[in-house]
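Here's the structure we're looking at; comments come further down.
The values are calculated or read from the model by the stated rules, or taken from the named source; none is laboratory data. Note that the structure is a prediction, hence the values are computed from the model and not measured. Glycine also receives a Cβ, built like all others from the backbone with ideal geometry; neighbour counts cover every protein chain displayed.
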Amino acid sequence: MDWIARRLEVIEPSPTLAISAKAAELKKKGEDIVSFGAGEPDFETPTHIREAAKNAIDKGMTRYTAVSGTVELKDAILTKFKRDNGLEYTRNQVIVGTGGKQVIYNFFLATLNRGDEVIIPAPYWVSYADIVRLADGVPVLVSASKENEFRISPADLEKAISPKTKVLILNSPSNPTGSAYSRKELEALGEVVLKHKLLVMSDDIYERIVFDGFEFCNLAMISPELKELTFIVNGVSKAYSMTGWRIGYGVGPVEIVKNMDTIQSQSTSNPSSISQAAAEAALKGDQGCVLEMARAFQKRRDLIVRLLREIPGVEVNLPQGAFYVFPYLTGVYETQGFKKLSASSEEKSKSKLFCAHLLDKYKVAAVPGIAFGDDEALRLSYAMSENDIQKGVSRIAEMVRDFSR
Ligand code: GLU
């Protein structure tokens, strides 16, 4: 039976979520798995946020809200942009969705026509390219090398632009590399954006998780002209450890927001009313919890980078934000043991083979670099206790040692 639509031929299930599901399944069976899989903070959602949700239930806030979010949450979002980014928006420029992912999805459904090109700096988050494809667009990948700390240059961007280019995606700090663009680098990219009047989707979901005093900036903060070309996506999942609450939001041009609202009204309607009340408390409340979590992530980053750098054949950059590292395995792929494994397997992707072996034999879940556009690497999410980081990395080291024997 030919039941399934053609559009499914160009996408695959989210690899990050698939690996986490697999790790969870093995854990449930009693296996001692260390999961560096999906990026998900391990902290409890702060108490004042949970209390706000309970109050919302008790006060009967259990009905439909406006499709694009409650006025109260929108106002909290407007306050956040003013407070954190010095940016002013109006209510009709805000849309709240069921997680940042839905906001990104609706943004592309609202803006792309068949064949429109979207420039995606690689390595990139697993879902960008597939969301673009689902929306009939064409992902155009631009390699950001590890030598350039995974940041594209204005010349790289210029080269990738064609008459069909419509959108540029920027994600800083980045998933999967943790690299971030400074204001100066954004100014330079901004000139190219202005020259070609590109629309920019700035995914700022890791804005609050930055290290060593890094000052976050996005394109909209550079100039009013760039602000007009930029749609910002953010959410409460990462900053406030609220992944399960599913609240993301976007701000940008009124016309785009209005059309995203139409799409959302014909698909999911409003995001959960209770989660919206919780997100409002998160954005309006004391921001100390955010800083505390970011500090913990910085300590873990220091630990995981130090441990990974001790493994022969592994190379890793120092992330400036988020909670991922993207170690390169080029040296490991050259070991006798890995070559032997590769020769005996039908798997063509080296990073997939590495990760499958790592999970199967050493009980560590990680996401293959190929899912992010680079087969030489793998992504580790270190949103876990320092003990687990130590345990997981020592198992990776053991596997590499076994390959070198
Ligand atoms: N964004 C997180 C990750 O990359 C969560 C899972 C997902 O939606 O991809 O792991």
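Exactly one residue out of LYS363, LYS340, LYS350 is touching a Phe, Trp or Tyr at 6+ places or on another chain (Cβ under 8 Å), of a type in the set (D, E, K, R) and more than 22 Å from PRO173 (Cβ to Cβ), and it is LYS350. Would you confirm whether or not the range 53-66 contains a residue that is among the acidic types (Asp, Glu) and either in contact with a Leu (Cβ under 8 Å, 6 or more places away or on another chain) or closer than 30 Å to HIS357 by Cβ (or both)? The answer is no, given that none of the residues of the range 53-66 is among the acidic types (Asp, Glu) and either in contact with a Leu (Cβ under 8 Å, 6 or more places away or on another chain) or closer than 30 Å to HIS357 by Cβ (or both). All but one of (1) surrounded by fewer than 20 Cβ atoms within 10 Å (Cβ to Cβ); (2) within 16 Å of the ligand (Cβ to nearest atom) hold for GLY99; which doesn't? The failed condition is (1). Could you check the range 177-255 for strands (runs of 3 or more DSSP E) lying wholly inside it with 1 or more residues that are crowded, with 21+ Cβ neighbours inside 10 Å and charged (D, E, K, R)? It comes to 199-203.
Taking the criterion of being closer than 17 Å to LEU112 by Cα and of a type in the set (S, T, N, Q), the residues of the range 229-260 that qualify are THR230, ASN259.
Table: residues versus (1) free of Cβ contacts under 8 Å to residues at least 40 places away in the same chain; (2) within 16 Å of the ligand (Cβ to nearest atom); (3) under 15 Å from TYR324 (Cα atoms); (4) among the hydroxyl-bearing types (Ser, Thr, Tyr).
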residue	(1), (2), (3), (4)
SER349	yes, no, no, yes
LYS352	yes, no, no, no
CYS355	no, yes, no, no
TYR362	yes, no, no, yes
ASP375	yes, no, no, no
ARG379	no, yes, yes, no
LYS391	no, no, no, no
SER404	no, no, no, yes
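Contact map, the range 110-123: first residue of a type in the set (Val, Ile, Thr), second residue at pLDDT 95 or above and in a loop (DSSP other than H, G, I, E, B), Cβ cut-off under 6 Å, separation 6 or more or different chains; pairs are VAL118/GLY137. If you go through the range 21-70 and keep only what is of a type in the set (Val, Ile, Thr) and either within 15 Å of the ligand (Cβ to nearest atom) or within 26 Å of TYR324 (Cβ to Cβ) (or both), you end up with ILE33, VAL34, THR45, ILE49.
Take residues that are over 30 Å from GLY137 (Cα atoms) and in contact with a strand residue (DSSP E or B) (Cβ under 7 Å, 6 or more places away or on another chain) and tell me which of the helices (runs of 4 or more DSSP H) falling wholly in the range 1-84 contain 1 or more.
15-28, 71-80
The residue pairs whose first member lies in the range 75-103 and is over 16 Å from TYR240 (Cα atoms), whose second member is among the basic types (Lys, Arg) and within 16 Å of the ligand (Cβ to nearest atom), and whose beta carbons are closer than 7 Å, counting only pairs six or more residues apart or on different chains, do not exist in this structure. Residues in the range 109-140 that are more than 15 Å from the ligand (Cβ to nearest atom), closer than 17 Å to ILE161 by Cα and small (Gly, Ala, Ser): GLY115, GLY137. Residue count for the range 144-169, restricted to those that are touching a Phe, Trp or Tyr at 6+ places or on another chain (Cβ under 7 Å) and hydrophobic (A, V, I, L, M, F, W, C): 2. Scanning the range 372-405 for residues that are in a loop (DSSP other than H, G, I, E, B), closer than 13 Å to PHE354 by Cα and touching a Phe, Trp or Tyr at 6+ places or on another chain (Cβ under 7 Å) yields a count of 1. Being within 16 Å of the ligand (Cβ to nearest atom) and of a type in the set (S, T, N, Q) is the requirement here; does THR177 meet it? Judged against the criteria, THR177 is a match. There is at least one residue in the range 370-393 that is more than 25 Å from SER172 (Cα to Cα), buried (at least 16 other Cβ atoms within 10 Å of the Cβ), at pLDDT 95 or above and among the small types (Gly, Ala, Ser). Taking the criterion of being surrounded by 23 or more Cβ atoms within 10 Å (Cβ to Cβ) and either under 24 Å from ALA383 (Cβ atoms) or in contact with a His (Cβ under 7 Å, 6 or more places away or on another chain) (or both), would at least one residue in the range 337-349 satisfy it? No, there is no match, as no residue in the range 337-349 is surrounded by 23 or more Cβ atoms within 10 Å (Cβ to Cβ) and either under 24 Å from ALA383 (Cβ atoms) or in contact with a His (Cβ under 7 Å, 6 or more places away or on another chain) (or both).
For the range 263-304, a tally of residues being exposed (fewer than 14 other Cβ atoms within 10 Å of the Cβ), in a helix (DSSP H, G or I) and polar (S, T, N, Q) returns 1.
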